[in-house]
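Enquirer: Here you go, one structure.
The values are calculated or read from the model by the stated rules, or taken from the named source; none is laboratory data. Computed from a predicted model, the values in this text were never measured in an experiment. Cβ: placed from backbone, ideal geometry, glycine included. Neighbour counts: every protein chain shown.
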Amino acid sequence: MTMLKLNSAAELEALRAKILAGRDPAKPCIAVCAGAACDGMDSAAVACAFLAEVGRQQLGERLELRTTGCHGYCERGPNVVVTPGEICYFEVAPADVPEIVAATLRGEVVERLVYHDPASGAKAVHMNEVPFYKHQTRLLIGDNPKIDPMKIDDYLAVGGYAALIKALTEMTPDQVLDEVKRANLRGRGGGGFPAGSKWETTRNAPEKIKYVIVNGHEGESAAFMDRAMLTGNPHKVLEGLIIGAYAIGAQRGFMYTRHDMPLLEKHVRNALAQAKEYGLLGENILGSGFSLEVELHFDVGIFVSGESSALMRSIEGNAPEPRPKYVRTSVSGIWDKPSNLNNVETWANVPQIISRGAEWFTSIGSEKSRGTKLISLSGNVVNSGVVEVPMGTPLRTLVFDIGGGVRDGKTLKAIHFGGAMGGSIPARLIDAPLDFDGMSKLGAPIGAGGLLLMDEDTDMVEVARYLMDFLTKESCGKCVPCREGMQQMLQTLTRLTEGRGRQGDLELLEDLVEVTGLGSLCALGKTSGDPLKSMFRYFRPEYEARISNQAANQAADQAAAGSGDTK
Amino acid sequence: MSEIVLNIDGKEVAASAGMTVLQAAQQADIHIPTLCHHEKLEAYGGCRLCIVEVEARGRKSYVVSCLYPVEPGIVVRTRSEKVDKIRKVLVEELMAHAPDAPELVRLAEEYGADRHRFDKETSFCVLCGLCVRYCDEVKHKNAVGFIENGAVREISFIPEIAAKECWSCQECFTLCPTSYAQAAYLLTEALAFPGRREAHSHAHAHATPEPERRVIPITPVAATA
Amino acid sequence: MCEQKIDAIIEKYRGQPGSLIHALVEIQHENHWLPREVLQRLADALEVSFSQVMQIASFYKTFSLTPKGRHEVHVCSGMTCHLRGAAKLLARVEEITGLKAGETDADSRFTLETGACLGSCSIAPELIVDGKHYGRMTPDQAEAVLKSYE
């Protein structure tokens with residue numbers, strides 16, 4: 001089907017009305033999750049089985065099938081959600097498919113596949129009853145089960161691109177910028193820097209040519225929410241980007257994302273092409289006079305390329321070496337032009353801020369951290385997955401109510417935030433609220449939003465060694481403190497874990513953390529010591545014990561060797 | 001050009017807009033140590049030895065002076081307890097690779113660095129990139145480049161280009177703080193186009209030696225533990 | 001190796017130095033490794049110095065400067081995989097294949113890689129062979145999976 005270019009907001013609304021008129025909300029729809037984890041559990045076979053069953057019984061008129069992005073509850077995939085009613089089926093196998101189809105046609109539920117409470121056995125049928133979902137506020141990720149990411153019409157059917165219409169037809173760029181500033185939208189990529197101020201800097205920079213960039217690199221280990229967002233609902237991110245470009249006055253946009261997720265690439269490419277066909281990208285968008293081209297770029301598998309200035313070098317086609325930020329990239333970025341970079345989740349927040357207003361947005365969350373936050377919940381947790389909660393939600397809600405606590409009946413030892421440049425806090429701080437500034441003060445900044453539970457058996461020295469090993473491989477190697485300092489920290493931590501600790505190792509590590517933090521060129525090196533800092537703050541005895549035990553053992557060994565000689 | 005006055009080590013220093021703190025300091029005869037800096041090359045910010053303390057708008061930060069632009073009224077301290085500590089540890093880190101490089105030995109003395117603090121891994125190269133950048137920016141030959149990333153990063157002569165270009169140049173040898181550029185080149189020569197040196201010396205056995213085809217003596221290495 | 005496809009990629013980006021990474025990704029994808037001779041031709045076509053091509057090709061882990069085996073085995077070493085037993089899984093995979101990360105066996109059957117969290121942390125630890133994900137792998141299951149690849 002060829003699509004027609006839309007020349008005005010009215011034409012887009014007419015199209016939306018037509019799409020909705022062709023859809024019967026009462027017609028059952030079976031949505032099969034094809035998110036990264038479900039895909040890994042062969043959800044494709046489940047989707048195929050549904051297709052075969054519907055074909056065999058010729059049910060096309062009575063039943064809708066949809067392959068979607070991540071639903072969220074990855075631990076229990078493959079996930080299937082049946083509407084109306086948002087009936088959730090978990091761990092669905094191809095063999096379960098005929099039963100689900102039959103029950104759906106009869107308006108019944110397959111009881112054995114719904115959620116059962118592990119303790120009481122109580123059932124939860126609908127999404128809003130399932131503990132994993134019911135404590136969440138799914139403003140960003142909630143549309144995922146309703147959308148086939150390959151179909152722009154599905155996004156239009158849930159109200160997509162209405163915010164763009166509002167921005168282009170009812171607001172000036174300054175008004176859009178002002179709305180985002182008043183919403184106090186803070187960057188979701190790690191820094192928590194106010195997006196509005198960043199936009200303003202780029203907007204006010206003297207150069208006429210300006211760029212906007214989606215950072216979809218998501219290099220933080222055990223962070224997977226941005227992929228879930230971008231793969232599952234690419235148009236939401238794109239809509240945010242177009243609105244941002246309008247406010248900033250940018251003519252060209254870049255989506256920078258991972259090369260190793262074939263589905264992600266396919267969906268984003270397709271979204272860009274469909275948006276272009278509808279005239280939502282390109283020349284004179286919806287007849288507004290505003291034009292924007294967006295192209296897709298890929299990281300090629302190294303963490304530092306997610307660092308903003310390194311990312312921009314990479315888009316230029318150069319080695320992704322960061323450059324010192326004495327001039328900000330928002331003033332001088334790609335090809336030395338003002339370049340505004342925000343991450344996937346930040347952009348995804350923009351459409352709802354424009355549609356529903358800054359007042360609505362600031363009514364959600366905590367005082368200095370507004371809105372919701374996507375969290376990748378994993379590690380030694382019962383229910384891992386993609387979670388969305390209002391900022392300010394106590395960690396206890398995330399860990400226990402949503403996450404179901406620690407796996408295998410163990411107790412919680414630590415909560416780790418922010419991947420290899422984040423930090424670990426002890427279980428006793430479980431009532432801390434999820435808040436940019438609060439978590440930073442505790443030494444476990446939210447980062448992009450990867451939350452890991454660590455159980456009682458976790459060796460914190462080994463965790464630090466593991467994280468440092470990860471980072472040394474991801475360093476670009478340009479500056480001395482990052483390249484050499486991290487290597488020396490890794491060697492020292494490796495010695496500790498292997499039982500070869502020396503007196504003075506902790507002081508050595510502290511020196512290296514300090515010098516690497518102060519001296520390094522980019523954020524990778526500057527924050528590489530943060531996990532260790534948090535360890536020294538909360539788990540120091542564990543490190544001290546390693547050294548004193550090891551030093552004692554070595555002394556004993558030497559004594560034993562000595563006495564052997566005299567015999 | 002507009003004059004900017006800043007304070008470096010208690011001294012009022014005049015500089016022009018667009019200059020870096022390092023340039024302003026050098027102009028005022030204030031010494032800041034550098035390893036990867038070269039006036040003919042674009043500032044690189046790799047060795048971080050030129051780090052200084054800057055107080056601007058009431059905020060103290062640590063910046064590398066080779067890249068930090070001068071601003072009116074900023075207060076720069078080229079030495080402080082913290083600055084010295086950073087330099088000391090950086091020198092110690094580099095001495096794990098090149099324990100006897102003369103410049104590092106001198107810096108170690110000045111900053112009290114312990115050359116044995118870290119286990120030796122004598123690769124000799126400190127990855128200052130002078131050879132790579134000089135070959136690129138001044139000679140436009142790109143006969144030597146960086147390969148790999150992080151701790152395994154190396155410089156590497158590209159035999160195809162080196163065979164054509166290096167013989168008559170070899171200018172990077174004298175820039176190298178550790179003599180490693182020369183060693184790497186000779187190794188490339190031996191592996192990729194051996195025999196050239198002998199052929200050349202036979203052909204020119206009786207001719208006056210041409211000055212540009214020199215091999216600079218490698219700095220004598222003191223015996224280290 | 002499909003010379004024509006590689007030539008087409010090189011031609012597509014001729015004269016575009018900024019497209020170096022795109023070209024390298026496409027050649028890697030097509031050919032599974034980057035022969036030096038191809039890189040040389042690419043440098044000439046894109047008007048980029050060969051040393052810059054080498055810098056980028058060796059910088060990124062995605063690119064391979066040596067031929068890979070018929071099957072690419074990836075053991076995820078992301079943080080959740082690590083916490084959920086990736087080290088034991090990797091040890092067994094190393095034992096079965098006789099390889100360390102980054103190596104290819106003499107018969108070119110397997111290339112073993114570790115690294116990059118692929119974001120399917122809920123099904124950790126994970127083994128990925130030729131892009132196919134095998135979630136919640138025990139060392140014994142991994143043995144069975146690898147046997148099915150010749």
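Enquirer: Give B:V83, B:V91 a once-over and let me know the one that is of a type in the set (V, I, T), more than 8 Å from chain A (Cβ to nearest Cβ), under 30 Å from B:E137 (Cα atoms) and not in a strand (DSSP E or B).
Expert: Going through B:V83, B:V91 in turn, the sole match is B:V91.
Enquirer: Continuing with the same structure: Residues to consider are A:K208, A:K181; find the one that is outside any helix (DSSP H, G or I), basic (K, R) and in the same structural domain as A:V350 (by TED's automatic domain parsing).
Expert: Answer to the selection: A:K208.
Enquirer: Restrict the check to the range A:194-216 and report whether at least one residue is modelled with pLDDT under 95, surrounded by fewer than 24 Cβ atoms within 10 Å (Cβ to Cβ) and not charged (D, E, K, R).
Expert: Yes: the range A:194-216 contains one or more residues that are modelled with pLDDT under 95, surrounded by fewer than 24 Cβ atoms within 10 Å (Cβ to Cβ) and not charged (D, E, K, R).
Enquirer: Hey, does the range B:99-110 have a residue that's within 12 Å of chain A (Cβ to nearest Cβ), hydrophobic (A, V, I, L, M, F, W, C), surrounded by 14 or more Cβ atoms within 10 Å (Cβ to Cβ) and assigned to a helix (DSSP H, G or I)?
Expert: yes
Enquirer: Sticking with this one: Please work out which residue is nearest to the other protein chains (Cβ to nearest Cβ), limiting yourself to the range C:1-33 and to residues that are assigned to a loop (DSSP other than H, G, I, E, B) and surrounded by fewer than 18 Cβ atoms within 10 Å (Cβ to Cβ).
Expert: Filtering first and then ranking leaves C:Q16.
Enquirer: So, of the residues in the range C:94-150 that are among the β-branched types (V, I, T) and within 14 Å of another protein chain (Cβ to nearest Cβ), which turns out to be farthest from C:C81 (Cα to Cα)?
Expert: Filtering first and then ranking leaves C:V145.
Enquirer: For the range C:50-58, does any single residue satisfy the condition of being within 14 Å of chain B (Cβ to nearest Cβ), hydroxyl-bearing (S, T, Y) and surrounded by fewer than 21 Cβ atoms within 10 Å (Cβ to Cβ)?
Expert: No; the residues of the range C:50-58 include none that is within 14 Å of chain B (Cβ to nearest Cβ), hydroxyl-bearing (S, T, Y) and surrounded by fewer than 21 Cβ atoms within 10 Å (Cβ to Cβ).
Enquirer: Under 6 Å by Cβ, and 6 or more places apart or on different chains, what pairs join a residue from the range C:34-51 that is free of Cβ contacts under 8 Å to residues at least 12 places away in the same chain with one that is of a type in the set (A, V, I, L, M, F, W, C) and outside any helix (DSSP H, G or I)?
Expert: Correct list of pairs: C:F50/B:I158; C:S51/B:I158.
Enquirer: So which helices (runs of 4 or more DSSP H) stay within the range A:20-113 end to end and still have 3 or more residues that are closer than 28 Å to A:V381 by Cα and within 14 Å of chain C (Cβ to nearest Cβ)?
Expert: Passing ranges, in order: A:36-40, A:43-56.
Enquirer: Between a residue in the range A:69-82 that is on the phi < 0 side of the Ramachandran plot and free of Cβ contacts under 8 Å to residues at least 24 places away in the same chain and any residue that is surrounded by 24 or more Cβ atoms within 10 Å (Cβ to Cβ) and of a type in the set (D, E), which pairs come within a Cβ distance under 6 Å, given they are 6 or more apart or on different chains?
Expert: Matching pairs, first to second residue: none at all.
Enquirer: Can you confirm whether B:L127 is away from chain C (no Cβ under 14 Å) and either within 17 Å of B:L187 (Cβ to Cβ) or buried (at least 18 other Cβ atoms within 10 Å of the Cβ) (or both)? Break it down into steps so the answer makes sense when it comes.
Expert: Working: away from chain C (no Cβ under 14 Å): no; either within 17 Å of B:L187 (Cβ to Cβ) or buried (at least 18 other Cβ atoms within 10 Å of the Cβ) (or both): yes.
Judged against the criteria, B:L127 is not a match.
Enquirer: Being among the aliphatic types (A, V, I, L, M) and within 17 Å of the chain's Cα centre (by Cα) is the filter; apply it to the range A:382-401 and report the residue that is nearest to the other protein chains (Cβ to nearest Cβ).
Expert: A:V386
Enquirer: Report, by residue number, each residue of the range B:14-37 that is farther than 16 Å from B:V63 by Cβ and buried (at least 18 other Cβ atoms within 10 Å of the Cβ).
Expert: B:L35
Enquirer: So which residues in the range A:124-159 are part of a helix (DSSP H, G or I), within 27 Å of A:R370 (Cβ to Cβ) and among the aliphatic types (A, V, I, L, M)?
Expert: A:M127
Enquirer: List the pairs whose first member sits in the range A:191-216 and is more than 20 Å from A:L238 (Cβ to Cβ), whose second member is of a type in the set (S, T, Y) and buried (at least 22 other Cβ atoms within 10 Å of the Cβ), and whose Cβ atoms are under 6 Å apart, counting only residues at least 6 apart or on separate chains?
Expert: Listed pairs, sorted by first residue: A:T201/A:S330.
Enquirer: All but one of (1) over 27 Å from C:L24 (Cβ atoms); (2) in the same structural domain as A:P206 (by TED's automatic domain parsing); (3) of a type in the set (A, V, I, L, M) hold for A:M312, so report the exception by its number.
Expert: (1)
Enquirer: How many of the residues in the range A:268-300 are within 14 Å of another protein chain (Cβ to nearest Cβ), crowded, with 20+ Cβ neighbours inside 10 Å and not in a strand (DSSP E or B)?
Expert: Counting residues in the range A:268-300 that are within 14 Å of another protein chain (Cβ to nearest Cβ), crowded, with 20+ Cβ neighbours inside 10 Å and not in a strand (DSSP E or B) gives 2.
Enquirer: Within 10 Å of another protein chain (Cβ to nearest Cβ), assigned to a loop (DSSP other than H, G, I, E, B) and under 25 Å from A:G447 (Cα atoms): does that describe A:V331?
Expert: Against the criterion (within 10 Å of another protein chain (Cβ to nearest Cβ), assigned to a loop (DSSP other than H, G, I, E, B) and under 25 Å from A:G447 (Cα atoms)), A:V331 does not qualify.
Enquirer: Additional query: Can you pull out the residues in the range A:352-368 that are polar (S, T, N, Q) and either more than 30 Å from C:L118 (Cβ to Cβ) or not assigned by TED's automatic domain parsing to the domain that holds A:L238 (or both)?
Expert: Of everything in the range A:352-368, those that are polar (S, T, N, Q) and either more than 30 Å from C:L118 (Cβ to Cβ) or not assigned by TED's automatic domain parsing to the domain that holds A:L238 (or both) turn out to be A:S355, A:T362, A:S363, A:S366.
Enquirer: Does A:A119 satisfy the condition of being out of contact with any Cys (no Cβ under 9 Å at 6 or more places or on another chain) and assigned to a helix (DSSP H, G or I)? Break it down into steps so the answer makes sense when it comes.
Expert: On the way: out of contact with any Cys (no Cβ under 9 Å at 6 or more places or on another chain): yes; assigned to a helix (DSSP H, G or I): no.
Against the criterion (out of contact with any Cys (no Cβ under 9 Å at 6 or more places or on another chain) and assigned to a helix (DSSP H, G or I)), A:A119 does not qualify.
Enquirer: Being crowded, with 19+ Cβ neighbours inside 10 Å and not assigned by TED's automatic domain parsing to the domain that holds C:L24 is true for just one of C:E126, C:E95. Which residue is that?
Expert: Working: C:E95 fails: crowded, with 19+ Cβ neighbours inside 10 Å.
C:E126 is the lone residue from the list that is crowded, with 19+ Cβ neighbours inside 10 Å and not assigned by TED's automatic domain parsing to the domain that holds C:L24.
Enquirer: Out of C:S77, C:S64, I need the residue that is within 14 Å of chain A (Cβ to nearest Cβ) and either basic (K, R) or more than 25 Å from A:M41 (Cα to Cα) (or both). Which one?
Expert: From the options C:S77, C:S64, the qualifying one is C:S64.
Enquirer: Would you mind telling me which numbered condition in (1) surrounded by fewer than 19 Cβ atoms within 10 Å (Cβ to Cβ); (2) more than 9 Å from chain C (Cβ to nearest Cβ) B:E160 fails?
Expert: Exception for B:E160: condition (2).
Enquirer: Has the range A:435-443 got any residue that is of a type outside the set (A, V, I, L, M), within 14 Å of chain B (Cβ to nearest Cβ) and over 27 Å from B:I147 (Cβ atoms)? First the steps, then the outcome.
Expert: First, the residues of the range A:435-443 that are of a type outside the set (A, V, I, L, M): A:435-438, A:440-441, A:443.
Okay, now just the ones that are also within 14 Å of chain B (Cβ to nearest Cβ), so none.
Within the range A:435-443, none of the residues are of a type outside the set (A, V, I, L, M), within 14 Å of chain B (Cβ to nearest Cβ) and over 27 Å from B:I147 (Cβ atoms).
Enquirer: Go through the range A:503-523 and count every residue that is more than 9 Å from every other protein chain (Cβ to nearest Cβ), in contact with a helix residue (DSSP H, G or I) (Cβ under 9 Å, 6 or more places away or on another chain) and modelled with pLDDT of 90 or more.
Expert: 8
Enquirer: Do you know which of the residues in the range A:371-381 that are over 14 Å from A:L453 (Cα atoms) and under 14 Å from the mean Cα position of the chain (by Cα) is farthest from the other protein chains (Cβ to nearest Cβ)?
Expert: My answer is A:T372.
Enquirer: In the range A:454-519, which helices (runs of 4 or more DSSP H) lie fully inside it and hold 2 or more residues that are surrounded by fewer than 23 Cβ atoms within 10 Å (Cβ to Cβ) and within 26 Å of the chain's Cα centre (by Cα)?
Expert: A:460-474
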